[in-house]
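Worksheet for the structure shown next.
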Amino acid sequence: MGSSLLGSRAAAIVELDAGAGPVVLAGEDISHSIPERRTRAGIGLVPEGRQVFPGLPVIDHLLLGAYTRRRDAAVRSDLDHMLDLFPILRERSRQLAGTLSGGQQQVLVIARALMSRPKVLLLDEPSLGLAPLAVREVVGKLKQLVGEGTTLLLVEQNARAAFEVASRGYVLSRGEVIAEDGVESLQADPRVQEAYLGA
């Protein structure tokens with residue numbers, strides 16, 4: 001298990017455009033599956049722009065993340081785990097999602113996606129629009145998830161943040177892969193330093 005980084009937008013991933021071949025997860029072709037089936041197959045999505053339901057309480061967002069699962073003791077256990085993993089969500093569990101800060105909403109969307117027990121968690125620009133302190137908090141949580149064995153596919157323009165989380169990266173420019181390697185090698189690549197790290 002580990003994490004990966006893409007340096008551009010995730011539209012093709014989110015829509016699972018199979019124009020260049022099938023999309024296969026754990027041996028199952030999910031190229032033309034409906035979103036619910038993709039979720040059941042093990043894909044969790046943290047969309048760009050957070051996309052919370054403003055009038056829905058935090059706790060209901062988390063339960064919504066488990067909509068493909070039977071409501072049982074395992075869901076309650078996972079709910080408790082999310083509230084332990086993200087203490088701010090326990091503190092704000094009855095608060096409407098639309099009243100949370102941007103960083104708190106991002107944490108909520110990550111926890112919501114994790115409630116489906118994904119095999120791989122896709123994250124589209126999780127640092128977008130967040131204050132530096134909130135970015136550090138989100139990056140810290142993503143590192144913790146990787147440390148616990150969660151597989152992430154991270155699409156992120158903030159290269160410094162992405163390099164903290166990822167173990168392998170693919171850097172895209174105008175839709176073309178211009179570099180791919182382990183994160184340490186990418187950080188030493190002059191093209192990456194100039195274009196993304198301000199070196």
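The values are calculated or read from the model by the stated rules, or taken from the named source; none is laboratory data. Computed from a predicted structure; not experimentally measured. Using ideal geometry, Cβ is built from the backbone for each residue, glycine included, and neighbour counts are taken over all protein chains shown.
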Residue pairs, Cβ under 7 Å, 6 or more apart or interchain, first in region 32-47 and under 22 Å from GLN106 (Cα atoms) and modelled with pLDDT of 80 or more, second in a loop (DSSP other than H, G, I, E, B) and of a type in the set (Lys, Arg). List them. GLY42/LYS119
Enumeration of residues in region 67-98 that are out of contact with any Pro (no Cβ under 8 Å at 6 or more places or on another chain), touching a residue at least 24 places away in the same chain (Cβ under 8 Å) and more than 23 Å from PRO35 (Cβ to Cβ): LEU85, PHE86, LEU89, ARG92
Within region 172-185, count every residue that is under 21 Å from the mean Cα position of the chain (by Cα), in contact (Cβ under 8 Å) with a residue 40 or more places away in the chain and more than 16 Å from LEU152 (Cα to Cα). 2
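Here's the yes/no breakdown for (1) within 24 Å of ILE30 (Cα to Cα); (2) β-branched (Val, Ile, Thr); (3) touching a helix residue (DSSP H, G or I) at 6+ places or on another chain (Cβ under 6 Å):
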{"position": "LEU89", "(1), (2), (3)": "no, no, yes"}
{"position": "SER93", "(1), (2), (3)": "no, no, yes"}
{"position": "LEU114", "(1), (2), (3)": "yes, no, no"}
{"position": "LEU130", "(1), (2), (3)": "no, no, yes"}
{"position": "GLU148", "(1), (2), (3)": "no, no, no"}
{"position": "ASN158", "(1), (2), (3)": "no, no, no"}
{"position": "ARG174", "(1), (2), (3)": "no, no, no"}
{"position": "VAL183", "(1), (2), (3)": "no, yes, yes"}
{"position": "ALA188", "(1), (2), (3)": "no, no, no"}
Over region 113-169, the set of residues of a type outside the set (Gly, Ala, Ser), closer than 13 Å to ILE43 by Cα and in a helix (DSSP H, G or I) is LEU114
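Which of the residues that make up region 115-143 are in contact with a Pro (Cβ under 8 Å, 6 or more places away or on another chain) and in contact (Cβ under 8 Å) with a residue 60 or more places away in the chain? Before the answer, list the steps.
Let us first name the residues in region 115-143 that are in contact with a Pro (Cβ under 8 Å, 6 or more places away or on another chain), namely 124, 138, 142.
Once the filter is applied, which keeps residues that are in contact with a Pro (Cβ under 8 Å, 6 or more places away or on another chain) and in contact (Cβ under 8 Å) with a residue 60 or more places away in the chain, region 115-143 yields ASP124, LEU142.
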LEU114 vs. criteria buried (at least 21 other Cβ atoms within 10 Å of the Cβ) and touching a Gly at 6+ places or on another chain (Cβ under 8 Å): yes
Mind checking which residues of region 163-195 are modelled with pLDDT under 85 and small (Gly, Ala, Ser)? SER173, GLY175, ALA179, ALA188, ALA195
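Just checking, which of THR39, THR68 is among the β-branched types (Val, Ile, Thr), on the phi < 0 side of the Ramachandran plot, surrounded by fewer than 17 Cβ atoms within 10 Å (Cβ to Cβ) and not in a strand (DSSP E or B)? If you could, list the steps in order and put the result at the bottom.
On the way: THR39 fails: surrounded by fewer than 17 Cβ atoms within 10 Å (Cβ to Cβ).
Checking each option against the conditions leaves just THR68.
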Looking at this structure, is ASP60 modelled with pLDDT of 75 or more, loosely packed, with under 14 Cβ neighbours inside 10 Å and of a type in the set (Asp, Glu)? no
Region 1-31, residues that are loosely packed, with under 11 Cβ neighbours inside 10 Å and modelled with pLDDT under 50: GLU15
